[in-house]
Amino acid sequence: MTQRIFSGVQPTGNLHLGNYLGAIRNWVALQDQYECLFCVVDLHAITVWQDPDALRKSTREVAAALIASGIDAKKHIIFNQSQVSGHAELAWIFNCVARLGWLGRMTQFKEKAGKDQEAASVGLFAYPNLMAADILLYKGTHVPVGEDQKQHLELARDIAQKFNHDYKKDVFPVPEPLILGSATRVMSLKDGTSKMSKSDPSDLSRINMTDDTDTIVRKIKKAKTDPDLLPENAAGLEGRPEARNLLGIYAALADVTMDDAIAEFAGQQFSALKGRLSDVAVASLAPIQEEYTRLLADKAQVDAVLADGAERATALAEPVLREVQDVIGFLRPKKAR
Ligand code: TYM
(Lines give C-alpha, C1' and ligand atoms only; values in the text may rest on other atoms or scores of the structure.)
Protein backbone atom coordinates (compact mmCIF):
# COMPACT_ATOMS: atom_id res chain seq x y z
CA MET A 1 0.00 0.00 0.00
CA THR A 2 1.17 3.56 -0.71
CA GLN A 3 2.66 5.21 2.35
CA ARG A 4 0.65 8.36 2.63
CA ILE A 5 0.90 11.15 5.16
CA PHE A 6 -2.06 13.20 6.30
CA SER A 7 -1.86 15.94 8.87
CA GLY A 8 -3.80 19.04 9.76
CA VAL A 9 -3.67 22.36 11.53
CA GLN A 10 -6.52 24.57 12.70
CA PRO A 11 -6.93 28.09 11.30
CA THR A 12 -7.76 29.64 14.64
CA GLY A 13 -5.16 32.36 14.98
CA ASN A 14 -1.41 32.64 14.87
CA LEU A 15 0.72 29.57 14.37
CA HIS A 16 3.33 29.34 17.10
CA LEU A 17 6.61 27.62 17.81
CA GLY A 18 4.76 24.57 19.20
CA ASN A 19 2.97 24.07 15.88
CA TYR A 20 6.23 24.57 14.04
CA LEU A 21 8.47 22.27 16.10
CA GLY A 22 5.78 19.71 16.98
CA ALA A 23 4.38 19.41 13.47
CA ILE A 24 5.18 21.67 10.52
CA ARG A 25 8.95 21.33 10.58
CA ASN A 26 8.56 17.55 10.59
CA TRP A 27 6.13 17.76 7.69
CA VAL A 28 8.76 19.60 5.67
CA ALA A 29 11.34 16.92 6.48
CA LEU A 30 9.01 14.02 5.67
CA GLN A 31 7.86 15.27 2.28
CA ASP A 32 10.78 13.62 0.48
CA GLN A 33 9.82 10.16 1.72
CA TYR A 34 6.03 10.18 1.51
CA GLU A 35 3.12 11.35 -0.57
CA CYS A 36 1.58 14.05 1.65
CA LEU A 37 -1.67 15.90 2.23
CA PHE A 38 -1.60 18.88 4.58
CA CYS A 39 -4.95 20.28 5.53
CA VAL A 40 -6.12 23.56 7.03
CA VAL A 41 -8.93 22.14 9.12
CA ASP A 42 -11.64 24.79 9.02
CA LEU A 43 -14.40 22.28 9.83
CA HIS A 44 -12.59 21.52 13.07
CA ALA A 45 -12.16 25.24 13.78
CA ILE A 46 -15.93 25.87 13.92
CA THR A 47 -16.41 23.39 16.77
CA VAL A 48 -15.94 26.59 18.78
CA TRP A 49 -17.22 29.97 17.56
CA GLN A 50 -15.21 31.63 14.76
CA ASP A 51 -15.83 35.05 13.32
CA PRO A 52 -16.34 34.44 9.55
CA ASP A 53 -13.92 37.14 8.35
CA ALA A 54 -11.28 36.06 10.84
CA LEU A 55 -11.69 32.41 9.75
CA ARG A 56 -11.21 33.30 6.08
CA LYS A 57 -8.13 35.38 6.91
CA SER A 58 -6.64 32.76 9.17
CA THR A 59 -7.19 29.99 6.61
CA ARG A 60 -5.13 31.93 4.05
CA GLU A 61 -2.48 32.76 6.64
CA VAL A 62 -2.03 29.17 7.73
CA ALA A 63 -1.79 28.02 4.12
CA ALA A 64 0.80 30.75 3.47
CA ALA A 65 2.77 29.68 6.56
CA LEU A 66 2.87 26.08 5.33
CA ILE A 67 4.15 27.14 1.93
CA ALA A 68 6.64 29.58 3.48
CA SER A 69 7.94 26.82 5.78
CA GLY A 70 8.98 24.84 2.73
CA ILE A 71 6.15 22.48 1.85
CA ASP A 72 6.13 21.85 -1.87
CA ALA A 73 2.52 22.48 -2.89
CA LYS A 74 3.08 21.18 -6.39
CA LYS A 75 4.43 17.82 -5.35
CA HIS A 76 2.11 17.52 -2.34
CA ILE A 77 -1.36 18.77 -1.48
CA ILE A 78 -2.27 21.80 0.65
CA PHE A 79 -6.01 22.49 0.93
CA ASN A 80 -8.75 23.56 3.30
CA GLN A 81 -10.97 20.84 4.67
CA SER A 82 -14.39 22.39 3.94
CA GLN A 83 -13.65 22.31 0.22
CA VAL A 84 -13.59 18.52 0.06
CA SER A 85 -17.05 17.40 1.14
CA GLY A 86 -15.91 13.81 1.72
CA HIS A 87 -14.48 14.83 5.12
CA ALA A 88 -17.92 15.65 6.50
CA GLU A 89 -19.45 12.65 4.78
CA LEU A 90 -17.01 10.11 6.19
CA ALA A 91 -17.16 11.82 9.59
CA TRP A 92 -20.89 11.09 9.69
CA ILE A 93 -20.23 7.44 9.00
CA PHE A 94 -17.61 7.39 11.76
CA ASN A 95 -20.14 9.01 14.11
CA CYS A 96 -21.95 5.72 13.69
CA VAL A 97 -18.83 3.61 14.24
CA ALA A 98 -17.24 5.32 17.27
CA ARG A 99 -18.85 4.74 20.67
CA LEU A 100 -19.96 7.51 23.02
CA GLY A 101 -17.73 6.03 25.71
CA TRP A 102 -14.64 6.36 23.53
CA LEU A 103 -15.28 10.04 22.94
CA GLY A 104 -16.16 10.65 26.57
CA ARG A 105 -12.59 9.75 27.50
CA MET A 106 -10.95 12.40 25.29
CA THR A 107 -8.99 14.79 27.49
CA GLN A 108 -9.06 17.59 24.91
CA PHE A 109 -12.86 17.65 24.97
CA LYS A 110 -12.83 17.88 28.75
CA GLU A 111 -10.27 20.71 28.63
CA LYS A 112 -11.99 22.67 25.88
CA ALA A 113 -15.56 22.17 27.11
CA GLY A 114 -14.60 23.16 30.64
CA LYS A 115 -17.09 22.87 33.48
CA ASP A 116 -20.21 23.43 31.42
CA GLN A 117 -20.12 20.45 29.04
CA GLU A 118 -23.83 20.81 28.28
CA ALA A 119 -23.06 24.10 26.54
CA ALA A 120 -20.33 22.67 24.29
CA SER A 121 -21.19 22.06 20.63
CA VAL A 122 -21.94 18.50 19.52
CA GLY A 123 -19.14 19.07 16.99
CA LEU A 124 -16.60 19.59 19.77
CA PHE A 125 -17.55 16.20 21.21
CA ALA A 126 -17.46 14.45 17.82
CA TYR A 127 -14.24 16.28 16.81
CA PRO A 128 -12.01 13.16 16.91
CA ASN A 129 -14.35 11.32 14.50
CA LEU A 130 -13.82 14.08 11.96
CA MET A 131 -10.09 13.78 12.53
CA ALA A 132 -10.26 10.05 11.82
CA ALA A 133 -12.24 10.82 8.67
CA ASP A 134 -9.58 13.33 7.55
CA ILE A 135 -6.89 10.69 7.66
CA LEU A 136 -8.84 7.68 6.44
CA LEU A 137 -10.57 9.48 3.55
CA TYR A 138 -7.19 9.19 1.85
CA LYS A 139 -6.22 5.89 3.48
CA GLY A 140 -3.46 7.83 5.25
CA THR A 141 -0.87 5.54 6.80
CA HIS A 142 1.27 7.99 8.80
CA VAL A 143 0.29 11.07 10.79
CA PRO A 144 2.98 13.46 12.02
CA VAL A 145 1.67 15.41 15.01
CA GLY A 146 2.71 16.84 18.37
CA GLU A 147 2.16 14.80 21.51
CA ASP A 148 -1.16 16.47 22.34
CA GLN A 149 -2.83 14.71 19.40
CA LYS A 150 -1.76 11.21 20.42
CA GLN A 151 -5.04 10.29 22.10
CA HIS A 152 -7.06 11.44 19.07
CA LEU A 153 -4.89 9.27 16.85
CA GLU A 154 -5.45 6.26 19.03
CA LEU A 155 -9.16 6.83 18.52
CA ALA A 156 -8.65 7.05 14.75
CA ARG A 157 -6.88 3.69 14.92
CA ASP A 158 -9.78 2.23 16.92
CA ILE A 159 -12.27 3.53 14.36
CA ALA A 160 -10.31 2.05 11.43
CA GLN A 161 -10.12 -1.30 13.20
CA LYS A 162 -13.77 -1.37 14.21
CA PHE A 163 -14.92 -0.41 10.72
CA ASN A 164 -12.78 -3.15 9.14
CA HIS A 165 -13.97 -5.63 11.74
CA ASP A 166 -17.69 -4.78 11.53
CA TYR A 167 -17.77 -4.94 7.74
CA LYS A 168 -15.29 -7.85 7.60
CA LYS A 169 -13.15 -6.09 5.04
CA ASP A 170 -9.74 -4.45 5.21
CA VAL A 171 -10.87 -1.09 3.90
CA PHE A 172 -8.74 1.22 6.04
CA PRO A 173 -5.10 1.06 7.08
CA VAL A 174 -4.51 1.55 10.82
CA PRO A 175 -2.66 4.89 10.79
CA GLU A 176 0.63 5.29 12.64
CA PRO A 177 1.36 8.46 14.63
CA LEU A 178 4.76 10.04 13.95
CA ILE A 179 5.74 12.05 17.02
CA LEU A 180 9.22 13.22 16.16
CA GLY A 181 12.03 15.38 17.50
CA SER A 182 12.92 16.84 20.90
CA ALA A 183 10.06 19.36 21.01
CA THR A 184 6.96 17.19 20.72
CA ARG A 185 5.35 19.16 23.51
CA VAL A 186 6.46 22.79 23.59
CA MET A 187 5.34 24.50 26.79
CA SER A 188 4.30 28.09 27.53
CA LEU A 189 7.13 30.57 28.05
CA LYS A 190 5.25 31.85 31.09
CA ASP A 191 4.52 28.46 32.69
CA GLY A 192 6.56 25.35 31.94
CA THR A 193 3.70 23.11 33.03
CA SER A 194 1.11 24.26 30.48
CA LYS A 195 1.21 23.74 26.73
CA MET A 196 2.14 26.58 24.37
CA SER A 197 -1.18 27.33 22.75
CA LYS A 198 -3.00 29.74 20.45
CA SER A 199 -5.72 30.18 23.03
CA ASP A 200 -3.46 31.37 25.87
CA PRO A 201 -4.60 34.97 26.55
CA SER A 202 -0.99 36.10 27.09
CA ASP A 203 0.91 36.66 23.85
CA LEU A 204 4.12 36.52 25.92
CA SER A 205 3.43 32.82 26.51
CA ARG A 206 4.24 31.91 22.91
CA ILE A 207 6.52 32.75 20.01
CA ASN A 208 4.37 33.20 16.94
CA MET A 209 5.79 32.17 13.59
CA THR A 210 5.09 35.74 12.48
CA ASP A 211 6.79 37.56 15.37
CA ASP A 212 9.56 39.90 14.25
CA THR A 213 13.11 39.68 15.56
CA ASP A 214 12.64 42.23 18.36
CA THR A 215 9.50 40.50 19.60
CA ILE A 216 11.16 37.07 19.63
CA VAL A 217 14.16 38.40 21.57
CA ARG A 218 11.91 40.24 24.04
CA LYS A 219 9.67 37.21 24.65
CA ILE A 220 12.65 34.93 25.27
CA LYS A 221 14.19 37.50 27.62
CA LYS A 222 10.92 37.62 29.60
CA ALA A 223 10.44 33.84 29.63
CA LYS A 224 9.98 32.35 33.10
CA THR A 225 13.04 30.69 34.68
CA ASP A 226 13.94 29.34 38.11
CA PRO A 227 16.64 30.62 40.49
CA ASP A 228 19.17 27.79 39.97
CA LEU A 229 21.99 27.33 37.49
CA LEU A 230 21.28 25.05 34.52
CA PRO A 231 21.76 21.35 35.36
CA GLU A 232 24.75 19.15 34.58
CA ASN A 233 22.66 16.22 33.35
CA ALA A 234 19.14 15.11 32.36
CA ALA A 235 18.33 13.95 35.90
CA GLY A 236 18.84 17.54 37.05
CA LEU A 237 15.83 18.64 34.98
CA GLU A 238 13.49 16.85 37.37
CA GLY A 239 11.03 19.38 38.81
CA ARG A 240 12.40 22.18 36.61
CA PRO A 241 9.81 22.53 33.82
CA GLU A 242 11.06 25.91 32.56
CA ALA A 243 14.66 24.69 32.20
CA ARG A 244 13.43 21.57 30.42
CA ASN A 245 11.24 23.58 28.07
CA LEU A 246 13.86 26.17 27.09
CA LEU A 247 16.54 23.51 26.61
CA GLY A 248 14.11 21.38 24.56
CA ILE A 249 13.24 24.30 22.30
CA TYR A 250 16.91 25.14 21.91
CA ALA A 251 17.82 21.52 21.07
CA ALA A 252 15.10 21.35 18.43
CA LEU A 253 15.99 24.67 16.81
CA ALA A 254 19.76 24.13 16.93
CA ASP A 255 19.26 20.56 15.69
CA VAL A 256 21.21 18.97 18.53
CA THR A 257 20.15 16.27 20.98
CA MET A 258 18.76 17.18 24.39
CA ASP A 259 21.89 15.69 26.00
CA ASP A 260 24.11 17.92 23.86
CA ALA A 261 22.02 20.96 24.78
CA ILE A 262 22.28 20.12 28.48
CA ALA A 263 26.07 19.66 28.16
CA GLU A 264 26.44 22.98 26.30
CA PHE A 265 24.87 25.02 29.11
CA ALA A 266 25.76 22.85 32.14
CA GLY A 267 26.29 24.99 35.25
CA GLN A 268 25.58 28.24 33.39
CA GLN A 269 22.97 30.91 34.03
CA PHE A 270 19.68 31.01 32.14
CA SER A 271 20.85 34.21 30.43
CA ALA A 272 23.47 32.26 28.44
CA LEU A 273 20.84 29.83 27.18
CA LYS A 274 18.40 32.65 26.43
CA GLY A 275 20.97 34.50 24.34
CA ARG A 276 21.74 31.47 22.16
CA LEU A 277 18.09 30.52 22.00
CA SER A 278 17.20 33.96 20.63
CA ASP A 279 19.86 33.59 17.95
CA VAL A 280 18.67 30.19 16.74
CA ALA A 281 14.98 31.14 16.95
CA VAL A 282 15.53 34.24 14.83
CA ALA A 283 17.75 32.37 12.37
CA SER A 284 15.09 29.65 11.92
CA LEU A 285 12.04 31.87 11.69
CA ALA A 286 13.31 34.94 9.78
CA PRO A 287 13.47 33.28 6.32
CA ILE A 288 9.99 31.80 6.83
CA GLN A 289 8.63 35.19 7.83
CA GLU A 290 10.08 36.86 4.80
CA GLU A 291 8.45 34.38 2.44
CA TYR A 292 5.21 34.47 4.45
CA THR A 293 4.96 38.25 4.14
CA ARG A 294 5.61 38.03 0.41
CA LEU A 295 2.93 35.38 -0.03
CA LEU A 296 0.31 37.28 1.91
CA ALA A 297 0.80 40.26 -0.32
CA ASP A 298 -0.27 38.00 -3.18
CA LYS A 299 -3.50 36.38 -2.01
CA ALA A 300 -4.21 35.02 -5.47
CA GLN A 301 -1.16 32.77 -5.29
CA VAL A 302 -2.25 31.27 -1.95
CA ASP A 303 -5.83 30.87 -3.16
CA ALA A 304 -4.60 29.11 -6.30
CA VAL A 305 -2.63 26.62 -4.19
CA LEU A 306 -5.72 25.91 -2.05
CA ALA A 307 -8.03 25.54 -5.07
CA ASP A 308 -5.64 23.19 -6.83
CA GLY A 309 -5.11 21.23 -3.59
CA ALA A 310 -8.86 20.79 -3.05
CA GLU A 311 -9.29 19.51 -6.58
CA ARG A 312 -6.50 16.96 -6.26
CA ALA A 313 -7.65 15.88 -2.78
CA THR A 314 -11.20 15.38 -4.08
CA ALA A 315 -9.88 13.12 -6.84
CA LEU A 316 -8.05 10.98 -4.25
CA ALA A 317 -11.06 10.85 -1.93
CA GLU A 318 -13.70 9.86 -4.46
CA PRO A 319 -12.76 6.20 -5.02
CA VAL A 320 -12.39 5.71 -1.26
CA LEU A 321 -15.88 7.13 -0.65
CA ARG A 322 -17.34 4.87 -3.34
CA GLU A 323 -15.63 1.85 -1.82
CA VAL A 324 -16.95 2.77 1.65
CA GLN A 325 -20.49 3.23 0.32
CA ASP A 326 -20.41 -0.17 -1.33
CA VAL A 327 -19.04 -1.88 1.77
CA ILE A 328 -21.70 -0.29 3.99
CA GLY A 329 -24.51 -1.19 1.61
CA PHE A 330 -25.50 2.28 0.41
CA LEU A 331 -27.19 1.71 -2.92
CA ARG A 332 -25.51 3.65 -5.72
CA PRO A 333 -28.28 3.51 -8.30
CA LYS A 334 -27.27 3.59 -11.94
CA LYS A 335 -29.00 6.09 -14.22
CA ALA A 336 -31.39 4.59 -16.76
CA ARG A 337 -30.06 5.03 -20.32
P1 TYM B 1 -3.62 22.08 16.13
O2 TYM B 1 -4.11 23.04 15.12
O3 TYM B 1 -3.95 22.34 17.57
O4 TYM B 1 -2.04 21.94 16.04
C5 TYM B 1 -1.39 21.64 14.82
C6 TYM B 1 -0.19 20.74 15.11
O7 TYM B 1 0.70 21.38 16.03
C8 TYM B 1 0.96 20.51 17.13
N9 TYM B 1 1.09 21.32 18.36
C10 TYM B 1 2.13 21.23 19.20
N11 TYM B 1 3.24 20.47 19.18
C12 TYM B 1 4.12 20.63 20.20
N13 TYM B 1 3.93 21.53 21.21
C14 TYM B 1 2.84 22.32 21.27
N15 TYM B 1 2.68 23.20 22.25
C16 TYM B 1 1.86 22.18 20.22
N17 TYM B 1 0.67 22.79 19.97
C18 TYM B 1 0.23 22.25 18.82
C19 TYM B 1 -0.26 19.60 17.21
O20 TYM B 1 0.04 18.38 17.88
C21 TYM B 1 -0.59 19.40 15.75
O22 TYM B 1 0.18 18.35 15.20
N23 TYM B 1 -6.81 18.25 15.77
C24 TYM B 1 -5.60 18.80 15.22
C25 TYM B 1 -5.69 19.09 13.73
C26 TYM B 1 -6.14 17.93 12.89
C27 TYM B 1 -5.35 16.82 12.50
C28 TYM B 1 -6.21 16.04 11.67
C29 TYM B 1 -4.05 16.41 12.78
C30 TYM B 1 -7.36 17.80 12.31
N31 TYM B 1 -7.40 16.66 11.58
C32 TYM B 1 -5.79 14.82 11.13
C33 TYM B 1 -3.62 15.19 12.21
C34 TYM B 1 -4.49 14.43 11.40
C35 TYM B 1 -5.31 20.13 15.93
O36 TYM B 1 -6.18 20.72 16.49
O37 TYM B 1 -4.04 20.59 15.75
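The values are calculated or read from the model by the stated rules, or taken from the named source; none is laboratory data. All values reported here derive from a predicted model rather than from experimental measurement. When we count neighbours, we look across all protein chains shown, and the Cβ atoms used for this are built from the backbone with ideal geometry, even at glycine. Areas reflect the complete protein model, heavy atoms only, side chains present, ligands, DNA and RNA absent. Shrake-Rupley method; radii C 1.70, N 1.55, O 1.52, S 1.80 Å.
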So residue 75, is it more than 15 Å from the ligand (Cβ to nearest atom), farther than 22 Å from residue 178 by Cα and open to solvent by 20 Å² or more (accessible area, probe 1.4 Å): no
Being in contact with a helix residue (DSSP H, G or I) (Cβ under 6 Å, 6 or more places away or on another chain) and over 17 Å from residue 5 (Cα atoms) is the filter here, so list the residues in region 128-150 that pass it. 128, 129
Scanning region 15-47 for residues that are open to solvent by 40 Å² or more (accessible area, probe 1.4 Å) and within 11 Å of the ligand (Cβ to nearest atom), which turns out farthest from residue 91 (Cα to Cα)? 25
Check region 198-207 and report whether any residue there is open to solvent by 20 Å² or more (accessible area, probe 1.4 Å), closer than 20 Å to residue 282 by Cβ and over 19 Å from the mean Cα position of the chain (by Cα). yes
Kindly indicate whether residue 42 is within 13 Å of the chain's Cα centre (by Cα) and either among the acidic types (Asp, Glu) or not assigned by TED's automatic domain parsing to the domain that holds residue 146 (or both). yes
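Just to check your reading of the model, which residue among 190, 162, 139 is among the basic types (Lys, Arg), in contact (Cβ under 8 Å) with a residue 60 or more places away in the chain and part of a loop (DSSP other than H, G, I, E, B)?
On the way: 190 fails: in contact (Cβ under 8 Å) with a residue 60 or more places away in the chain; 162 fails: part of a loop (DSSP other than H, G, I, E, B).
After applying the criteria, what remains is 139.
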Single condition residue 67 does not satisfy, out of (1) within 13 Å of the ligand (Cβ to nearest atom); (2) in a helix (DSSP H, G or I); (3) of a type in the set (A, V, I, L, M): (1)
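In the list 99, 60, which residue meets the criterion of being more than 29 Å from residue 33 (Cβ to Cβ), among the charged types (D, E, K, R) and open to solvent by 50 Å² or more (accessible area, probe 1.4 Å)?
Values: 60 fails: more than 29 Å from residue 33 (Cβ to Cβ).
None of the others qualify; the one that does is 99.
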Within region 20-53, residues in contact with a Ser or Thr (Cβ under 9 Å, 6 or more places away or on another chain), without any contact (Cβ under 8 Å) to a residue 40 or more places away in the chain and in a helix (DSSP H, G or I) come out as 45
Against the conditions (1) within 18 Å of residue 48 (Cβ to Cβ); (2) within 13 Å of the ligand (Cβ to nearest atom), where does residue 103 fall short? Just the number, please. (2)
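Looking for whichever is loosely packed, with under 15 Cβ neighbours inside 10 Å and assigned to a helix (DSSP H, G or I) here; the options are 108, 149. Which one fits? Can you show your working first?
Working: 149 fails: loosely packed, with under 15 Cβ neighbours inside 10 Å.
Within the list 108, 149, the selection yields 108.
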Which of (1) in contact with a helix residue (DSSP H, G or I) (Cβ under 6 Å, 6 or more places away or on another chain); (2) open to solvent by 60 Å² or more (accessible area, probe 1.4 Å) does residue 312 not meet, given it meets every other one? (1)
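Could you please let me know if residue 280 is surrounded by 13 or more Cβ atoms within 10 Å (Cβ to Cβ), assigned by TED's automatic domain parsing to the domain that holds residue 94, part of a helix (DSSP H, G or I) and not polar (S, T, N, Q)?
On the way: surrounded by 13 or more Cβ atoms within 10 Å (Cβ to Cβ): yes; assigned by TED's automatic domain parsing to the domain that holds residue 94: no; part of a helix (DSSP H, G or I): yes; not polar (S, T, N, Q): yes.
For residue 280, the condition - surrounded by 13 or more Cβ atoms within 10 Å (Cβ to Cβ), assigned by TED's automatic domain parsing to the domain that holds residue 94, part of a helix (DSSP H, G or I) and not polar (S, T, N, Q) - is not met.
Kindly indicate whether residue 170 is acidic (Asp, Glu) and either outside any loop (DSSP other than H, G, I, E, B) or surrounded by 17 or more Cβ atoms within 10 Å (Cβ to Cβ) (or both). Outline the logic, then answer.
Numbers: acidic (Asp, Glu): yes; either outside any loop (DSSP other than H, G, I, E, B) or surrounded by 17 or more Cβ atoms within 10 Å (Cβ to Cβ) (or both): no.
No: the conditions fail for residue 170.
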Scan region 106-160 for residues that are more than 12 Å from the ligand (Cβ to nearest atom) and in contact with a His (Cβ under 9 Å, 6 or more places away or on another chain) and jot them down. 123
